[in-house]
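Visitor: My structure is below; once you've seen it, I'll send some questions.
The values are calculated or read from the model by the stated rules, or taken from the named source; none is laboratory data. Values in this document were obtained by computation on a predicted structure and should not be read as measured data. Here the Cβ positions follow ideal geometry from the backbone for every residue, glycine too, while neighbour counts run over all protein chains shown. The area values use the complete protein model at the heavy-atom level, side chains included, leaving out ligands, DNA and RNA. Shrake-Rupley method; radii C 1.70, N 1.55, O 1.52, S 1.80 Å.
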Amino acid sequence: MLEYCYTILTKMSFDKDLFRKELRKCLGYLTQKDADVLQQWVMEHYGNLLAVE
């Protein structure tokens with residue numbers, strides 16, 4: 001499931017709002033351990049999409 005979330009978030013990275021929506025959904029599907037891994041991955045690759053404007 002974690003790999004699927006990586007794929008979906010990579011495809012949604014063109015739109016900040018859509019990316020955030022999909023991230024919330026992915027975090028709901030994952031175990032706490034996988035959610036922590038996903039959050040770290042997101043910060044490393046797409047931290048700019050989560051920055052406050």
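Visitor: Using a 1.4 Å probe on the protein chains only, how many percent of the accessible area of the chain belongs to carbon and sulfur?
Guide: On the chain, the fraction of accessible area on carbon and sulfur atoms equals 54 percent.
Visitor: Binning at 5 Å from 0, report for the chain what percent of all alpha-carbon pair distances ends up in each bin.
Guide: For the chain, the pair-distance distribution reads 4, 22, 36, 26, 10, 2, 0.
Visitor: Which ³J(HN,Hα) values in Hz, rounded to whole numbers, follow from the phi angles of region 31-47 under the Karplus curve 6.51 cos²θ - 1.76 cosθ + 1.60, where θ = phi - 60° and Gly and Pro get x?
Guide: 5, 4, 4, 5, 5, 5, 5, 5, 4, 5, 4, 4, 5, 6, 9, 9, x
Visitor: Now for a different question. Heavy-atom accessible area per residue, the chain, 1.4 Å probe: how many Å²?
Guide: Result: 71 Å² of accessible area for each residue.
Visitor: Still on this structure, please answer the following. How big is the dipole moment of the chain about its Cα centre under a simple scheme where the beta carbon of each Lys and Arg is +1, that of each Asp and Glu is -1, and everything else is neutral? Debye, nearest 20, please. Please report the intermediate quantities before stating the final value.
Guide: Numbers: 7 positive and 8 negative charges, 32 e Å.
Around 160 debye, computed over the chain.
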